[in-house]
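The block underneath contains the structure these notes are about, expressed in C-alpha coordinates.
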Amino acid sequence: MPPASPDATRPPRPECDVLIVGGGPAGLSVAAGLPPQVRCVIAHQDKAIGLPVRTSGVSWLSDAKALGLPDHCLHPIHRTDIYSDNESAHFEIRRRTVVALDVTQTYRHLASLSDGHDRQLLLATKYLGSRQDGARIISRLRAKDGEREVTSRYLVDASGWHCAALNALGLASPPERRAVGIEYEYPLQGMDPHRVVLFFGRHALSAYGWALPTGQGTLRLGIGIIQPDSAESPKALMEGFLASGELERMGLPRPTEMHVNAGILPSAPYDPRLVFGPVVRVGDSANMATPTLGEGIRTAIASGKALGKALGKALDGDAAALGKWERDCARRYARNYRFGYLTNQRAAAYGPEDWDRAVRRIRRLGEDELAAAFRSEFTLPMMARTLAKSAWSKLAGRS
Ligand SMILES: Cc1cc2nc3c(=O)[nH]c(=O)nc-3n(C[C@H](O)[C@H](O)[C@H](O)COP(=O)(O)OP(=O)(O)OC[C@H]3O[C@@H](n4cnc5c(N)ncnc54)[C@H](O)[C@@H]3O)c2cc1C
(Lines give C-alpha, C1' and ligand atoms only; values in the text may rest on other atoms or scores of the structure.)
Protein backbone atom coordinates (compact mmCIF):
# COMPACT_ATOMS: atom_id res chain seq x y z
CA MET A 1 0.00 0.00 0.00
CA PRO A 2 1.48 3.42 -0.87
CA PRO A 3 2.20 5.63 2.16
CA ALA A 4 -0.65 7.97 3.03
CA SER A 5 -0.05 11.48 1.73
CA PRO A 6 0.83 13.87 4.55
CA ASP A 7 -2.42 15.79 3.81
CA ALA A 8 -4.57 12.73 4.54
CA THR A 9 -3.60 12.86 8.22
CA ARG A 10 -4.38 16.60 8.56
CA PRO A 11 -7.92 17.86 9.12
CA PRO A 12 -9.54 18.92 5.85
CA ARG A 13 -8.71 22.52 4.89
CA PRO A 14 -11.43 24.96 5.94
CA GLU A 15 -13.66 25.97 3.08
CA CYS A 16 -12.92 29.56 3.97
CA ASP A 17 -10.76 31.41 6.46
CA VAL A 18 -13.46 33.78 7.72
CA LEU A 19 -17.24 33.47 7.68
CA ILE A 20 -18.95 36.83 8.22
CA VAL A 21 -22.59 36.81 9.30
CA GLY A 22 -24.34 39.97 8.06
CA GLY A 23 -23.67 42.27 5.11
CA GLY A 24 -24.33 45.60 6.84
CA PRO A 25 -21.63 48.24 7.28
CA ALA A 26 -19.76 46.19 9.91
CA GLY A 27 -19.61 42.90 7.96
CA LEU A 28 -18.79 44.57 4.64
CA SER A 29 -16.01 46.56 6.28
CA VAL A 30 -14.48 43.44 7.85
CA ALA A 31 -14.34 41.90 4.35
CA ALA A 32 -12.78 45.13 3.01
CA GLY A 33 -10.10 45.10 5.73
CA LEU A 34 -9.09 41.47 5.18
CA PRO A 35 -5.99 40.94 3.03
CA PRO A 36 -7.22 40.11 -0.53
CA GLN A 37 -5.98 36.51 -0.49
CA VAL A 38 -7.90 35.58 2.68
CA ARG A 39 -10.84 33.36 1.71
CA CYS A 40 -13.97 34.88 3.10
CA VAL A 41 -17.69 34.17 2.83
CA ILE A 42 -20.33 36.76 3.76
CA ALA A 43 -23.78 35.34 4.53
CA HIS A 44 -26.36 38.10 4.22
CA GLN A 45 -30.03 37.34 4.75
CA ASP A 46 -31.34 40.28 2.67
CA LYS A 47 -31.75 40.00 -1.10
CA ALA A 48 -29.61 43.06 -1.83
CA ILE A 49 -26.88 45.12 -0.20
CA GLY A 50 -28.22 48.33 1.35
CA LEU A 51 -31.90 47.41 0.97
CA PRO A 52 -34.24 47.56 2.74
CA VAL A 53 -32.99 50.67 4.53
CA ARG A 54 -33.22 50.31 8.30
CA THR A 55 -31.29 53.39 9.40
CA SER A 56 -31.37 57.16 8.91
CA GLY A 57 -27.78 57.66 7.84
CA VAL A 58 -26.68 60.71 9.85
CA SER A 59 -22.93 60.94 10.13
CA TRP A 60 -20.11 63.48 10.17
CA LEU A 61 -18.26 64.86 7.15
CA SER A 62 -14.82 64.49 8.78
CA ASP A 63 -15.42 60.82 9.64
CA ALA A 64 -16.95 60.04 6.26
CA LYS A 65 -13.90 61.55 4.52
CA ALA A 66 -11.46 59.75 6.84
CA LEU A 67 -13.27 56.47 6.10
CA GLY A 68 -12.97 57.13 2.36
CA LEU A 69 -16.71 57.34 1.65
CA PRO A 70 -17.22 58.88 -1.80
CA ASP A 71 -18.68 62.39 -2.15
CA HIS A 72 -21.76 61.19 -4.04
CA CYS A 73 -22.85 59.33 -0.86
CA LEU A 74 -22.66 62.46 1.34
CA HIS A 75 -25.33 65.13 1.64
CA PRO A 76 -24.18 68.02 3.88
CA ILE A 77 -26.34 69.50 6.66
CA HIS A 78 -25.64 73.09 7.76
CA ARG A 79 -28.28 73.71 10.40
CA THR A 80 -29.64 71.82 13.43
CA ASP A 81 -32.91 72.83 15.09
CA ILE A 82 -33.82 71.13 18.36
CA TYR A 83 -37.31 71.23 19.87
CA SER A 84 -39.04 70.16 23.06
CA ASP A 85 -42.72 70.84 23.68
CA ASN A 86 -42.20 74.50 24.63
CA GLU A 87 -38.57 75.31 23.86
CA SER A 88 -36.18 75.28 20.93
CA ALA A 89 -32.46 75.66 20.22
CA HIS A 90 -30.97 76.56 16.86
CA PHE A 91 -27.43 75.96 15.64
CA GLU A 92 -25.67 76.98 12.43
CA ILE A 93 -23.10 74.27 11.74
CA ARG A 94 -19.80 75.81 10.73
CA ARG A 95 -17.06 73.35 11.69
CA ARG A 96 -18.59 69.99 12.65
CA THR A 97 -20.43 69.37 9.40
CA VAL A 98 -23.09 66.70 9.60
CA VAL A 99 -23.92 64.56 6.56
CA ALA A 100 -26.92 62.48 5.56
CA LEU A 101 -25.48 59.35 3.98
CA ASP A 102 -27.09 57.80 0.94
CA VAL A 103 -27.36 54.56 2.90
CA THR A 104 -27.83 52.16 -0.02
CA GLN A 105 -24.98 53.66 -2.05
CA THR A 106 -22.70 53.82 1.00
CA TYR A 107 -23.21 50.11 1.76
CA ARG A 108 -22.69 49.25 -1.93
CA HIS A 109 -19.48 51.24 -1.91
CA LEU A 110 -18.34 49.27 1.16
CA ALA A 111 -19.13 46.00 -0.64
CA SER A 112 -17.14 47.14 -3.68
CA LEU A 113 -14.01 47.53 -1.52
CA SER A 114 -13.61 43.75 -1.39
CA ASP A 115 -14.46 43.11 -5.07
CA GLY A 116 -11.48 41.24 -6.46
CA HIS A 117 -10.66 39.76 -3.04
CA ASP A 118 -11.11 36.02 -2.45
CA ARG A 119 -14.67 36.74 -1.27
CA GLN A 120 -18.02 35.07 -1.76
CA LEU A 121 -21.02 37.26 -1.04
CA LEU A 122 -24.07 35.06 -0.47
CA LEU A 123 -27.25 37.14 -0.65
CA ALA A 124 -30.66 35.91 0.56
CA THR A 125 -28.71 33.50 2.73
CA LYS A 126 -29.53 33.15 6.40
CA TYR A 127 -27.01 31.97 8.97
CA LEU A 128 -28.67 29.32 11.16
CA GLY A 129 -26.04 28.15 13.64
CA SER A 130 -22.57 26.69 14.19
CA ARG A 131 -20.73 23.95 15.97
CA GLN A 132 -17.06 23.83 16.80
CA ASP A 133 -14.96 20.92 15.58
CA GLY A 134 -11.42 21.31 16.91
CA ALA A 135 -9.91 24.39 15.28
CA ARG A 136 -12.72 24.63 12.74
CA ILE A 137 -16.18 26.10 12.97
CA ILE A 138 -18.88 24.44 10.93
CA SER A 139 -21.81 26.74 10.22
CA ARG A 140 -25.19 26.09 8.64
CA LEU A 141 -26.59 28.51 6.08
CA ARG A 142 -29.98 28.46 4.41
CA ALA A 143 -30.60 29.87 0.93
CA LYS A 144 -33.52 29.43 -1.48
CA ASP A 145 -31.97 26.28 -2.94
CA GLY A 146 -31.56 24.61 0.46
CA GLU A 147 -29.14 24.35 3.35
CA ARG A 148 -25.36 24.07 3.17
CA GLU A 149 -22.47 23.92 5.61
CA VAL A 150 -19.47 26.23 5.56
CA THR A 151 -16.28 25.48 7.43
CA SER A 152 -14.15 28.37 8.60
CA ARG A 153 -11.26 29.20 10.93
CA TYR A 154 -12.95 32.36 12.22
CA LEU A 155 -16.58 33.39 12.55
CA VAL A 156 -17.50 37.08 12.67
CA ASP A 157 -20.86 38.08 14.11
CA ALA A 158 -21.82 41.25 12.22
CA SER A 159 -25.53 40.46 12.28
CA GLY A 160 -26.56 43.65 14.09
CA TRP A 161 -28.95 43.48 17.06
CA HIS A 162 -29.77 39.83 16.20
CA CYS A 163 -26.37 38.68 17.58
CA ALA A 164 -27.14 35.62 15.43
CA ALA A 165 -23.84 33.75 15.79
CA LEU A 166 -23.17 34.55 19.45
CA ASN A 167 -26.72 33.58 20.30
CA ALA A 168 -26.51 30.31 18.37
CA LEU A 169 -23.29 29.42 20.17
CA GLY A 170 -24.68 30.41 23.59
CA LEU A 171 -22.05 33.16 23.98
CA ALA A 172 -24.47 36.12 24.25
CA SER A 173 -28.15 36.88 23.73
CA PRO A 174 -29.72 39.75 21.79
CA PRO A 175 -30.04 42.70 24.22
CA GLU A 176 -33.41 43.08 25.91
CA ARG A 177 -33.19 46.89 25.92
CA ARG A 178 -33.50 48.16 22.34
CA ALA A 179 -34.24 51.33 20.43
CA VAL A 180 -37.03 50.68 17.95
CA GLY A 181 -37.44 53.24 15.21
CA ILE A 182 -39.87 54.00 12.42
CA GLU A 183 -39.32 56.46 9.57
CA TYR A 184 -41.66 57.97 7.01
CA GLU A 185 -39.73 59.03 3.91
CA TYR A 186 -41.47 61.51 1.61
CA PRO A 187 -40.75 64.49 -0.68
CA LEU A 188 -39.11 67.56 0.90
CA GLN A 189 -41.59 69.94 -0.75
CA GLY A 190 -39.39 73.02 -0.61
CA MET A 191 -38.00 72.52 2.92
CA ASP A 192 -34.37 73.63 3.36
CA PRO A 193 -32.48 70.51 2.18
CA HIS A 194 -29.58 71.25 4.57
CA ARG A 195 -31.53 71.52 7.84
CA VAL A 196 -31.97 68.68 10.35
CA VAL A 197 -34.56 68.77 13.12
CA LEU A 198 -34.43 66.80 16.38
CA PHE A 199 -37.40 66.73 18.72
CA PHE A 200 -37.88 65.54 22.27
CA GLY A 201 -40.81 65.60 24.68
CA ARG A 202 -44.28 64.15 24.73
CA HIS A 203 -44.17 62.80 21.17
CA ALA A 204 -40.99 60.83 21.66
CA LEU A 205 -40.72 60.15 25.38
CA SER A 206 -37.91 57.73 26.27
CA ALA A 207 -36.10 58.49 23.01
CA TYR A 208 -36.34 61.16 20.30
CA GLY A 209 -37.63 62.12 16.90
CA TRP A 210 -35.80 63.47 13.86
CA ALA A 211 -36.38 64.95 10.42
CA LEU A 212 -33.43 64.47 8.09
CA PRO A 213 -33.31 65.65 4.47
CA THR A 214 -31.59 63.20 2.13
CA GLY A 215 -29.62 64.08 -0.98
CA GLN A 216 -32.42 62.58 -3.07
CA GLY A 217 -35.03 65.27 -2.40
CA THR A 218 -36.79 63.37 0.39
CA LEU A 219 -37.23 63.88 4.12
CA ARG A 220 -36.87 61.09 6.64
CA LEU A 221 -39.21 61.80 9.54
CA GLY A 222 -38.50 59.32 12.30
CA ILE A 223 -39.41 58.47 15.88
CA GLY A 224 -37.54 55.99 18.05
CA ILE A 225 -38.41 54.66 21.46
CA ILE A 226 -36.54 52.50 23.91
CA GLN A 227 -38.17 49.23 24.85
CA PRO A 228 -38.97 48.07 27.49
CA ASP A 229 -38.56 51.55 29.08
CA SER A 230 -41.53 52.64 26.98
CA ALA A 231 -44.56 50.49 26.18
CA GLU A 232 -45.63 52.80 23.31
CA SER A 233 -45.38 51.80 19.67
CA PRO A 234 -43.30 54.11 17.44
CA LYS A 235 -46.06 54.01 14.82
CA ALA A 236 -48.72 55.22 17.30
CA LEU A 237 -46.36 58.01 18.45
CA MET A 238 -45.72 59.00 14.83
CA GLU A 239 -49.43 59.18 14.07
CA GLY A 240 -49.96 61.28 17.23
CA PHE A 241 -47.12 63.58 16.18
CA LEU A 242 -48.56 64.04 12.68
CA ALA A 243 -51.98 64.89 14.11
CA SER A 244 -50.59 67.37 16.68
CA GLY A 245 -49.70 70.46 14.62
CA GLU A 246 -46.03 70.11 15.62
CA LEU A 247 -44.94 69.66 11.99
CA GLU A 248 -46.06 73.23 11.29
CA ARG A 249 -44.35 74.61 14.45
CA MET A 250 -41.08 72.96 13.36
CA GLY A 251 -41.44 74.08 9.73
CA LEU A 252 -41.63 70.51 8.39
CA PRO A 253 -43.67 69.39 5.37
CA ARG A 254 -46.57 66.96 5.68
CA PRO A 255 -46.17 63.44 4.25
CA THR A 256 -47.67 62.97 0.82
CA GLU A 257 -46.78 59.70 -0.86
CA MET A 258 -44.33 57.96 1.44
CA HIS A 259 -42.16 54.97 2.06
CA VAL A 260 -41.83 53.44 5.55
CA ASN A 261 -38.47 52.31 6.96
CA ALA A 262 -38.06 50.61 10.34
CA GLY A 263 -35.14 49.31 12.35
CA ILE A 264 -33.88 48.11 15.72
CA LEU A 265 -30.73 49.11 17.58
CA PRO A 266 -29.34 47.63 20.81
CA SER A 267 -29.43 49.98 23.79
CA ALA A 268 -27.30 48.24 26.39
CA PRO A 269 -24.05 49.07 28.21
CA TYR A 270 -20.88 48.60 26.15
CA ASP A 271 -19.33 45.19 26.86
CA PRO A 272 -15.58 45.20 26.09
CA ARG A 273 -15.52 41.42 25.47
CA LEU A 274 -15.51 41.07 21.69
CA VAL A 275 -13.32 38.03 21.05
CA PHE A 276 -14.47 34.55 22.09
CA GLY A 277 -11.65 32.37 20.73
CA PRO A 278 -12.33 32.08 17.00
CA VAL A 279 -15.68 33.92 17.25
CA VAL A 280 -15.61 37.73 17.13
CA ARG A 281 -18.38 40.33 17.24
CA VAL A 282 -18.41 43.82 15.72
CA GLY A 283 -20.85 46.66 14.96
CA ASP A 284 -24.31 46.52 16.51
CA SER A 285 -23.85 42.94 17.64
CA ALA A 286 -21.07 44.39 19.84
CA ASN A 287 -23.19 47.42 20.76
CA MET A 288 -20.83 49.92 19.11
CA ALA A 289 -23.39 52.62 18.27
CA THR A 290 -23.19 55.79 20.37
CA PRO A 291 -25.50 55.54 23.39
CA THR A 292 -26.60 59.18 23.14
CA LEU A 293 -28.03 59.33 19.59
CA GLY A 294 -27.63 55.71 18.44
CA GLU A 295 -25.18 56.58 15.66
CA GLY A 296 -23.44 53.39 14.61
CA ILE A 297 -22.52 53.47 10.93
CA ARG A 298 -19.12 55.14 11.22
CA THR A 299 -18.14 53.06 14.26
CA ALA A 300 -19.22 49.86 12.45
CA ILE A 301 -17.08 50.79 9.43
CA ALA A 302 -13.99 51.86 11.41
CA SER A 303 -14.05 48.87 13.78
CA GLY A 304 -14.96 46.48 10.97
CA LYS A 305 -12.01 47.52 8.79
CA ALA A 306 -9.63 47.29 11.76
CA LEU A 307 -11.01 43.83 12.60
CA GLY A 308 -10.42 42.68 9.01
CA LYS A 309 -6.77 43.71 9.31
CA ALA A 310 -6.43 42.02 12.71
CA LEU A 311 -7.95 38.79 11.36
CA GLY A 312 -5.45 38.88 8.48
CA LYS A 313 -2.62 39.05 11.02
CA ALA A 314 -4.16 36.31 13.18
CA LEU A 315 -4.40 34.02 10.13
CA ASP A 316 -0.72 34.77 9.54
CA GLY A 317 0.10 33.48 13.02
CA ASP A 318 0.03 36.69 15.08
CA ALA A 319 -1.73 35.31 18.16
CA ALA A 320 -1.94 38.76 19.81
CA ALA A 321 -3.67 40.59 16.92
CA LEU A 322 -7.30 40.04 17.93
CA GLY A 323 -6.65 40.84 21.60
CA LYS A 324 -5.01 44.11 20.52
CA TRP A 325 -8.02 44.99 18.35
CA GLU A 326 -10.34 44.25 21.28
CA ARG A 327 -8.29 46.52 23.58
CA ASP A 328 -8.21 49.30 20.95
CA CYS A 329 -12.03 49.15 20.77
CA ALA A 330 -12.29 49.30 24.57
CA ARG A 331 -10.01 52.37 24.61
CA ARG A 332 -12.15 54.03 21.97
CA TYR A 333 -15.59 53.23 23.36
CA ALA A 334 -15.65 51.92 26.95
CA ARG A 335 -15.28 55.13 29.02
CA ASN A 336 -17.18 57.44 26.64
CA TYR A 337 -20.02 54.96 26.28
CA ARG A 338 -20.26 54.50 30.05
CA PHE A 339 -21.09 58.22 30.40
CA GLY A 340 -23.20 58.10 27.25
CA TYR A 341 -25.22 55.19 28.57
CA LEU A 342 -25.85 56.97 31.89
CA THR A 343 -27.11 59.96 29.89
CA ASN A 344 -29.27 57.64 27.80
CA GLN A 345 -30.83 56.03 30.90
CA ARG A 346 -31.48 59.40 32.53
CA ALA A 347 -32.98 60.86 29.38
CA ALA A 348 -35.20 57.80 28.87
CA ALA A 349 -36.94 58.66 32.15
CA TYR A 350 -37.43 62.39 31.31
CA GLY A 351 -40.91 63.90 31.23
CA PRO A 352 -41.88 66.82 28.96
CA GLU A 353 -40.80 69.48 31.53
CA ASP A 354 -37.40 67.81 31.92
CA TRP A 355 -37.01 68.05 28.14
CA ASP A 356 -37.90 71.76 28.20
CA ARG A 357 -35.16 72.28 30.80
CA ALA A 358 -32.72 70.12 28.80
CA VAL A 359 -33.32 72.10 25.60
CA ARG A 360 -32.72 75.35 27.52
CA ARG A 361 -29.38 73.87 28.65
CA ILE A 362 -28.58 72.67 25.12
CA ARG A 363 -29.11 76.26 23.90
CA ARG A 364 -26.09 77.31 25.95
CA LEU A 365 -23.76 74.79 24.35
CA GLY A 366 -21.22 75.70 21.69
CA GLU A 367 -21.05 73.81 18.42
CA ASP A 368 -18.14 71.63 19.60
CA GLU A 369 -19.86 70.74 22.89
CA LEU A 370 -23.05 69.83 21.08
CA ALA A 371 -21.12 67.66 18.63
CA ALA A 372 -19.22 65.98 21.49
CA ALA A 373 -22.46 65.16 23.34
CA PHE A 374 -24.09 63.79 20.17
CA ARG A 375 -20.97 61.71 19.46
CA SER A 376 -20.77 60.42 23.08
CA GLU A 377 -17.27 61.89 23.41
CA PHE A 378 -17.07 62.89 27.05
CA THR A 379 -13.57 64.29 27.49
CA LEU A 380 -12.77 65.83 30.86
CA PRO A 381 -12.13 69.38 29.49
CA MET A 382 -15.45 69.27 27.60
CA MET A 383 -17.37 68.11 30.69
CA ALA A 384 -15.65 70.76 32.84
CA ARG A 385 -16.59 73.52 30.33
CA THR A 386 -20.20 72.35 30.20
CA LEU A 387 -20.51 72.19 34.00
CA ALA A 388 -18.93 75.64 34.32
CA LYS A 389 -21.44 77.09 31.84
CA SER A 390 -24.31 75.48 33.72
CA ALA A 391 -23.06 76.79 37.09
CA TRP A 392 -22.55 80.30 35.66
CA SER A 393 -26.04 80.26 34.24
CA LYS A 394 -27.54 79.26 37.60
CA LEU A 395 -25.60 82.04 39.32
CA ALA A 396 -26.89 84.46 36.72
CA GLY A 397 -30.44 83.35 37.60
CA ARG A 398 -31.27 81.52 34.35
CA SER A 399 -32.72 78.02 34.71
C1 LIG B 1 -34.20 53.63 13.19
C2 LIG B 1 -32.70 53.70 13.23
C3 LIG B 1 -32.05 54.88 12.86
C4 LIG B 1 -30.66 54.93 12.88
N5 LIG B 1 -30.05 56.07 12.49
C6 LIG B 1 -28.71 56.14 12.42
C7 LIG B 1 -28.06 57.27 11.92
O8 LIG B 1 -28.71 58.25 11.55
N9 LIG B 1 -26.71 57.27 11.84
C10 LIG B 1 -25.96 56.20 12.25
O11 LIG B 1 -24.73 56.23 12.15
N12 LIG B 1 -26.56 55.10 12.75
C13 LIG B 1 -27.90 55.04 12.84
N14 LIG B 1 -28.51 53.92 13.31
C15 LIG B 1 -27.67 52.82 13.77
C16 LIG B 1 -27.02 52.08 12.60
O17 LIG B 1 -28.00 51.74 11.65
C18 LIG B 1 -26.33 50.81 13.08
O19 LIG B 1 -25.49 51.12 14.16
C20 LIG B 1 -25.52 50.16 11.97
O21 LIG B 1 -26.35 49.82 10.90
C22 LIG B 1 -24.80 48.92 12.50
O23 LIG B 1 -24.25 48.20 11.44
P24 LIG B 1 -24.07 46.60 11.53
O25 LIG B 1 -23.45 46.20 10.25
O26 LIG B 1 -23.42 46.26 12.80
O27 LIG B 1 -25.54 46.03 11.65
P28 LIG B 1 -26.75 46.08 10.62
O29 LIG B 1 -26.73 47.35 9.85
O30 LIG B 1 -27.96 45.76 11.41
O31 LIG B 1 -26.44 44.91 9.60
C32 LIG B 1 -26.55 43.57 9.98
C33 LIG B 1 -27.07 42.78 8.80
O34 LIG B 1 -27.02 41.40 9.16
C35 LIG B 1 -28.14 40.76 8.59
N36 LIG B 1 -28.43 39.57 9.39
C37 LIG B 1 -28.98 39.51 10.62
N38 LIG B 1 -29.13 38.23 11.01
C39 LIG B 1 -28.65 37.47 10.01
C40 LIG B 1 -28.56 36.06 9.81
N41 LIG B 1 -28.98 35.17 10.72
N42 LIG B 1 -28.03 35.61 8.65
C43 LIG B 1 -27.59 36.49 7.68
N44 LIG B 1 -27.69 37.83 7.82
C45 LIG B 1 -28.20 38.31 8.98
C46 LIG B 1 -29.25 41.79 8.71
O47 LIG B 1 -30.27 41.56 7.74
C48 LIG B 1 -28.52 43.10 8.47
O49 LIG B 1 -28.61 43.55 7.13
C50 LIG B 1 -29.90 53.82 13.31
C51 LIG B 1 -30.55 52.64 13.69
C52 LIG B 1 -31.93 52.58 13.65
C53 LIG B 1 -32.61 51.32 14.06
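When you look at Ser159, is it polar (S, T, N, Q) and under 20 Å from the mean Cα position of the chain (by Cα), yes or no? Answer is yes for this residue.
In the stretch 185-208, of all residues being within 12 Å of the ligand (Cβ to nearest atom) and at pLDDT 95 or above, the one that is surrounded by the fewest Cβ atoms within 10 Å (Cβ to Cβ) corresponds to Glu185. Regarding the stretch 133-141, can at least one residue be identified that is within 11 Å of the ligand (Cβ to nearest atom) and either surrounded by fewer than 19 Cβ atoms within 10 Å (Cβ to Cβ) or outside the structural domain of Phe241 (by TED's automatic domain parsing) (or both)? Yes; the residues of the stretch 133-141 include at least one that is within 11 Å of the ligand (Cβ to nearest atom) and either surrounded by fewer than 19 Cβ atoms within 10 Å (Cβ to Cβ) or outside the structural domain of Phe241 (by TED's automatic domain parsing) (or both).
Looking at the stretch 142-159, which of the residues that are assigned to a loop (DSSP other than H, G, I, E, B) and of a type outside the set (Gly, Ala, Ser) is nearest to the ligand (Cβ to nearest atom)? If we take residues in the stretch 142-159 being assigned to a loop (DSSP other than H, G, I, E, B) and of a type outside the set (Gly, Ala, Ser), then Lys144 is nearest to the ligand (Cβ to nearest atom).
Going through Asp354, Asp318 one at a time, which residue ends up being of a type in the set (Asp, Glu), in a helix (DSSP H, G or I), free of Cβ contacts under 8 Å to residues at least 40 places away in the same chain and surrounded by fewer than 21 Cβ atoms within 10 Å (Cβ to Cβ)?
Only one candidate qualifies: Asp354.
Checked against (1) surrounded by fewer than 22 Cβ atoms within 10 Å (Cβ to Cβ); (2) more than 15 Å from the ligand (Cβ to nearest atom), Ala306 passes all but condition (2). Pairs linking a residue in the stretch 115-136 that is under 24 Å from Lys47 (Cβ atoms) to a residue that is away from the ligand (no atom under 16 Å from the Cβ), with Cβ atoms under 6 Å and 6 or more positions apart or on different chains, are His117/Pro36; Asp118/Gln37; Asp118/Arg39.
Select, from Ile297, Ile226, Ile264, the only residue that is crowded, with 18+ Cβ neighbours inside 10 Å, within 20 Å of the chain's Cα centre (by Cα) and more than 9 Å from the ligand (Cβ to nearest atom).
Ile226 is the lone residue from the list that is crowded, with 18+ Cβ neighbours inside 10 Å, within 20 Å of the chain's Cα centre (by Cα) and more than 9 Å from the ligand (Cβ to nearest atom).
The residue that is nearest to the ligand (Cβ to nearest atom), counting only those in the stretch 160-169 that are in contact (Cβ under 8 Å) with a residue 60 or more places away in the chain and either part of a strand (DSSP E or B) or aliphatic (A, V, I, L, M) (or both), is Ala164. Per the conditions (1) crowded, with 19+ Cβ neighbours inside 10 Å; (2) under 20 Å from the mean Cα position of the chain (by Cα), the sole criterion not satisfied by Asp271 is (1).
The values are calculated or read from the model by the stated rules, or taken from the named source; none is laboratory data. Bear in mind that the values here come from a model prediction, so they are computed numbers and not experimental data. Positions of Cβ are backbone-derived with ideal geometry, glycine not excepted, and every protein chain shown enters the neighbour counts.
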